[in-house]
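Computed from the coordinates by the stated procedures, all read-outs in this text should not be read as laboratory data. As the structure is a computational prediction, the values presented were derived from the model and not from experiment. Cβ placement follows ideal geometry from the backbone for every residue including glycine, while neighbour counts extend to all protein chains displayed.
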Amino acid sequence: MTDYRVSQGDVQEDQITAAIEKVTAQVPSAVYLGLALASMAVSVGFQAAKKQHSALFVGQWAAPFLILGIYNKLVKLHGSDGTTHA
């Protein structure tokens, strides 16, 4: 069988990705958690105002904010391509 897995150091990220991650890594992780909680609170507000579609739309933002927070944390811990060490 052929092994198609990528090992650490086999591939490096391009400079654009590294530049974006350098800037976004400066954002505290609590910001993403705050955005997720705020989207849930706004969703509850829309639900109370009987605006179902808006409530569902804004309520679904919580998961992407949390995923972005996890990605941000991983970049802070491991670097953008996994070959940089602190």
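Derived from the Cα gyration tensor, the three semi-axes of the equivalent ellipsoid of the chain are 36, 16, 10 Å, largest first. Charges were assigned to the Cβ only: +1 to each Lys and Arg, -1 to each Asp and Glu. The resulting dipole of the chain about its Cα centre is roughly 580 debye. Label sites at HIS78 and ALA18, each approximated as a point 7 angstrom past Cα along Cα to Cβ, lie 1.8 nm apart. Between ASP10 and VAL31, what is the spin-label point distance in nm, taking each point 7 Å from the Cα along the Cα→C-beta axis? Here the modelled spin labels are 3.4 nm apart. Note: relative contact order over the chain, using C-alpha pairs below 8 Å and six or more positions apart, is 40 percent. Every helix of 4 or more DSSP H residues in the chain counts as -39500 (n - 2.57), and over all residues that averages to -20500 deg cm²/dmol at 222 nm.
Provide, for q = 0.31 Å⁻¹, the log10 of I(q)/I(0) from a solvent-free Debye sum over equal Cα point scatterers in region 29-78. Debye intensities relative to I(0), on a log10 scale: -1.01. Note on the chain: dipole from Cβ charges, positive end direction compared against TYR4, LEU77, ALA48; the farthest Cα belongs to ALA48. Once the chain from PHE57 to ALA41 is taken as fully extended at 0.36 nm per residue, the excess over their C-alpha distance is 4.5 nm.
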